[in-house]
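Participant: Dropping the structure in here first, questions after.
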Amino acid sequence: MKVKYIIGAIVETVIKLVALIFIVTYVIRGATAAYDYGFRVFRVGSTNMEDVYYNPSETAQEMLAQWADNIKPDRTPEDLLFQVM
């Protein structure tokens, strides 16, 4: 019974904090401010990796280090981050 009470109190506190943050933000920015809720829209694009073709029978362990960096030169770190997400 105590666990339900504690969880209920935590949820109620979080709801109050979110409401307080919203009200403070509303007052600081003003009623007509545009809000950014962190929503992003992505489209499927090309890969960040260069097209590479290796024949497994011609590949040796020592050759793998030279092929480690096959990222297209025009890609940003953010592009790579979003690819792995």
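The values are calculated or read from the model by the stated rules, or taken from the named source; none is laboratory data. What you see is a predicted model; the values in this text were computed from it and never measured. Quick reminder, even Gly has a Cβ in these numbers, built from the backbone with ideal geometry, and neighbours come from all protein chains shown. Each accessible area value is taken on the protein alone, full model and side chains, heavy atoms only, with ligands, DNA and RNA left out. Shrake-Rupley method; radii C 1.70, N 1.55, O 1.52, S 1.80 Å.
Participant: Using θ = phi - 60° and the Karplus curve 6.51 cos²θ - 1.76 cosθ + 1.60, what whole-Hz ³J(HN,Hα) does each residue of segment 46-61 get, with Gly and Pro shown as x?
Facilitator: Coupling constants for segment 46-61: 7, 6, 8, 9, 6, 6, 10, 10, 10, 8, x, 6, 9, 9, 10, 4 Hz.
Participant: I've got another one for you. Work through the residues other than LYS72 whose Cβ is under 12 Å from its Cβ and net out their charges, Lys, Arg +1 and Asp, Glu -1. Display every interim value, and only then the final one.
Facilitator: Numbers: positive: ARG75; negative: GLU50, ASP51, ASP69, ASP74, ASP79.
My count for the surroundings of LYS72 gives -4.
Participant: Which cross-chain or sequence-distant (5 or more) residues have an amide H under 5 Å from the amide H of ILE71, H modelled 1.01 Å from N in plane?
Facilitator: GLU50
Participant: OK, next. Which value, in Å² rounded to 10, gives the accessible area of MET63 with a 1.4 Å probe and all protein chains present?
Facilitator: The accessible area of MET63 comes to roughly 60 Å².
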